[in-house]
Amino acid sequence: MTDLSAEQRQIQDVAREFAARELAPLVPEYQRRRSLPPGIMARLGEFGLIGIMFPEEYGGAGGDVLSQALAIQEISKVDAGVGVALLVQVLALFPIWTTGTEDQRRRYLPKGLAGEIIGAIAMTEPDAGSDFAAIRTVARRDGGEYVINGRKTFITNGPVADFVVVAAKTNPGSGRRGMSLFLVDKGTPGFQVARKLDKMGWHTSETAELVFDECRVAAQQLLGEENAGFYYVMEDFNLERILLAAQCVGLAEAAYGAARNYALSRRQFGQAIAGFQAVRHQLVEMYAQLQQARLLLHQACRAYNGEDRVLWASLAKWISSEIVNRVTAQAVQIHGGYGYIADYPVERYYRDARVFTIGGGTSEIQKEIIARRLGLTQPGSRA
Ligand SMILES: Cc1cc2nc3c(=O)[nH]c(=O)nc-3n(C[C@H](O)[C@H](O)[C@H](O)COP(=O)(O)OP(=O)(O)OC[C@H]3O[C@@H](n4cnc5c(N)ncnc54)[C@H](O)[C@@H]3O)c2cc1C
């Protein structure tokens, strides 16, 4: 895009370089092993790709949300699993910066931004996904400690996390006003990774079910104010939607690029298949959808600090996640049988794309959020 500032272009170049040189050589092996390449978070930290939006005093770069989005886009173009591991690292550190005490910031941010410690965010539960306010994990106060009991699932970075931001009810009768966030370190008695989950895609990202059984944490591990957790999470979700949209743009770009190259080189009936109007038009449609997703992402970044930030973040997440599913499916189609074979990257792109209309709030939930923003959920009222 030509409207990028010099700083934004520079970050995108660094991330592109990192993805090509450091990440791409590791992808085949760690896709097979189904694990996050060891040390990759520290390398992301060394290249300054975690702390882009964070203040310099904690090791960040004081940049904007579009710069962070561009970095995640470039990483996801090469591997969406590592892309989401980076995204979750940012999301786990973000509330520590915005709501944490100075002591918490000093303990977690410099190491987290350097990638020396890995973070996770544990919101979803076996019986509470879209209906996040219905979580059942509880944290009860006991003197100078909180005792956490509950179960979390689908937690990205869970198996490798050094710390987890956990949402729990501190006042179970009060719905959204009775939820708090806690920082739980690996090794805390009562906190365990119950099992690692096997997924359709995102194979280089590790996902877990977590258990908290009489898990005691010092009261200083409470993040922000007691009972204000729901509102902190909503801010984190908003950032998450933008960064997921960036992942979708990166992956759609990779799929379009692969399909284009294939269509120009694959020959049937004596000519390159791009010579057939049906194939050519599919590529044009893919390109148009990719640009649509990109423009929405940029608009969501522009709106990030304004009144309409929730509307644009949800629009960007919903549309780009639907687009990446269509574009990766078209890329497989253009590859014919080879698109179904793991030797070609489009097979992975197609599997990696599937989760984007689900994770971080499903398409149905994004539409509900948008409907609320448009004043459509209370018939009789005006927007
Ligand atoms: C690979 C992966 C990684 C993830 N990483 C994390 C993580 O790091 N941390 C974390 O906390 N969570 C994580 N999640 C959880 C993710 O955010 C949830 O899966 C998602 O919010 C949907 O919740 P659910 O799976 O319980 O589906 P449900 O809420 O049970 O939804 C099932 C279906 O019902 C529909 N539905 C539900 N409610 C409504 C409604 N009101 N109107 C219309 N339709 C509705 C949904 O759209 C969906 O189609 C991850 C999930 C996956 C798959």
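The values are calculated or read from the model by the stated rules, or taken from the named source; none is laboratory data. Computed from a prediction, not measured in an experiment: that's the story for all the values here. Here the Cβ positions follow ideal geometry from the backbone for every residue, glycine too, while neighbour counts run over all protein chains shown. Note: areas computed on protein heavy atoms with side chains; ligands, DNA, RNA excluded. Shrake-Rupley method; radii C 1.70, N 1.55, O 1.52, S 1.80 Å.
A few comments on the model shown:
- Ligands, DNA and RNA left out, the 1.4 Å accessible surface of the chain is 51% carbon and sulfur atoms.
- Sum of side-chain charges, Thr170 neighbourhood, beta-carbon under 11 Å (Lys, Arg +1; Asp, Glu -1): +2
- Highest-first arrangement of 216-225, 51-60, where packing means the average Cβ count within 10 Å: 51-60, 216-225
- Computed [θ] at 222 nm, helices only, for the chain once each DSSP H run of length n ≥ 4 contributes -39500 (n - 2.57): -16000 deg cm²/dmol
- Calculated Rg and Dmax of the stretch 264-316 using C-alpha coordinates, Å: 17.8, 56
- The stretch 117-151: trypsin sites (Lys or Arg not before Pro) falling in loop per DSSP and having at most 14 other Cβ within 10 Å: Arg136
- The local environment of Glu125, defined by Cβ-Cβ distances under 9 Å, has a net charge of +2 under the rule Lys, Arg +1 and Asp, Glu -1.
- What the stretch 231-373 shows is 45 Å² of accessible area per residue, with the surface traced by a 1.4 Å probe over protein heavy atoms.
- Computed from point charges on the beta carbon alone (+1 for Lys and Arg, -1 for Asp and Glu), the dipole magnitude for the chain about its Cα centre is near 960 Debye.
- Cα gyration tensor shape of the stretch 6-117, rounded if a/c is under 1.5, else prolate or oblate by comparing a/b with b/c: oblate
- Dipole moment magnitude, nearest 20 debye, the stretch 197-258 about Cα centre, only Lys, Arg, Asp, Glu C-beta charged: 240
- In range of the label at Leu376: residues from the stretch 311-345 whose backbone nitrogen is under 18 Å from the point 7 Å along Cα→Cβ: 311-323
- Paramagnetic reach from Glu46 in the stretch 100-117 [backbone N under 17 Å; point 7 Å along Cα→Cβ]: 111-117
- Between the stretch 137-213 and the stretch 231-301, the Cα center-to-center distance that results, in Å: 34
- Per residue, the stretch 15-99 exposes 33 Å² of accessible surface when a 1.4 Å probe is rolled over the protein heavy atoms with every protein chain present.
- Cross-link partners of Lys77 among lysines (Cα-Cα below 28 Å; sequence separation of 8 or more within a chain): Lys111, Lys196, Lys199, Lys317, Lys367
- Couplings for the stretch 296-305, taken from phi via the Karplus curve 6.51 cos²θ - 1.76 cosθ + 1.60 with θ = phi - 60°, read 5, 4, 5, 5, 4, 5, 4, 7, 3, 9 Hz in order; Gly and Pro are left as x.
- Straightening the chain between Asn227 and Gln291 buys 18.9 nm, computed as 0.36 nm per residue apart minus the Cα-Cα spacing.
- Charge tally around Leu296: other residues with Cβ under 12 Å, Lys/Arg +1 each, Asp/Glu -1 each, net +3.
- Working from label points 7 Å from Cα in the Cα-to-Cβ sense, the Gln192 to Ser5 distance is 4.9 nm.
- Three-way shape call for the stretch 172-280 based on the alpha-carbon gyration tensor, with the a/c threshold at 1.5: prolate
- For the pair Ala219 and Glu145, the difference between a 0.36 nm per residue extended length and the Cα-Cα distance amounts to 26.2 nm.
- Per principal axis, descending, Cα span of the stretch 231-373 in whole Å: 60, 25, 20
- Cα gyration tensor, the stretch 120-226 - rounded (a/c under 1.5), prolate or oblate: oblate
- With both labels modelled 7 Å from their Cα along Cα-to-Cβ, the Tyr340 to Arg21 distance reads 4.1 nm.
- Length gained on full extension, Ala278 to Arg177, computed as 0.36 nm times the residue gap minus the Cα-Cα distance: 30.9 nm.
- Theoretical FRET efficiency, 1/(1+(r/R0)^6), r = Cβ-Cβ of Asp103 and Phe269, R0 56 Å, to 0.05: 0.20
- Radius of gyration over Kirkwood radius for the chain, both on Cα atoms: the Rg/Rh ratio is 0.99.
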